[in-house]
Amino acid sequence: EAGVTQFPSHSVIEKGQTVTLRCDPISGHDNLYWYRRVMGKEIKFLLHFVKESKQDESGMPNNRFLAERTGGTYSTLKVQPAELEDSGVYFCASSQVTGGLTGELFFGEGSRLTVL
Amino acid sequence: SQKIEQNSEALNIQEGKTATLTCNYTNYSPAYLQWYRQDPGRGPVFLLLIRENEKEKRKERLKVTFDTTLKQSLFHITASQPADSATYLCALDNYGQNFVFGPGTRLSVLP
């Protein structure tokens, strides 16, 4: 069974450009999360999808970030326009719904974003 | 303010000894707490989950305790091996909304 896959593994862009990160969760996992780790800091929650609906987007830093999950399968996270402080590693995770937040999170390997 | 602290940024121990990692939290009331392992350049990997009504959970050489009075979880690795060297993260549920991660402890097991 394939795990959570993320693409690209590394992206280097100029400030002001746009980047789109993609996450393919484990098949059948309704829950999809985006997290990010900026240099030297802890992994921070960005948002949570249940199927195609945004359950919680309280961690999204500002309106330059747009996440979508059309059809409840893969998800994209677009940053437009990118700023220097957006540099970091963006992790996607998925989990099965087992009645509340009781399930383990399966993480992808992350997408490293470098904004110059 | 809400805070999660893990005992130290880095911990070095001798092979064969027991490693004990600490996770303390403030102003959270988690119903669940999880521990993850993260290797450099990789995503976190789930290890154990413990619920608020469970005092202790074991899995092979791993043991987790959860004390909601002290607001603390302890993570033990017995008979540690160099292959156990990694960063260990605690994560707790944030009022059922999402999981919040601690900063991690980088464990080095020396041969």
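Every number in this text was worked out from the coordinates using simple rules, so none of it is lab data. The shown structure was predicted, so the numbers you read here are calculated from the model rather than taken from an experiment. No Cβ is skipped: glycine too gets one built from the backbone with ideal geometry, and neighbour counts run over all protein chains shown.
Things to note:
- The mean count of C-beta atoms from other chains within 10 Å of the C-beta of residues in A:40-52, rounded to a whole number, is 3.
- Convex hull volume of the Cα atoms of segment A:7-115, normalised per residue: 93 Å³.
- Charge-dipole axis of chain B as Lys and Arg at +1 and Asp and Glu at -1 on Cβ define it, positive-most pick from B:PHE99, B:GLN72, B:LEU62: B:LEU62
- Tail fraction, Cα-Cα pairs, segment B:1-108, threshold 19 Å, whole percent: 38 percent
- Within 10 Å of each Cβ in B:21-33, the average number of Cβ atoms from other chains: 1
- Counting only lysines at least 8 places from B:LYS63 when in the same chain, those with an alpha carbon closer than 26 Å to its own are A:LYS44, B:LYS3, B:LYS17, B:LYS55, B:LYS71.
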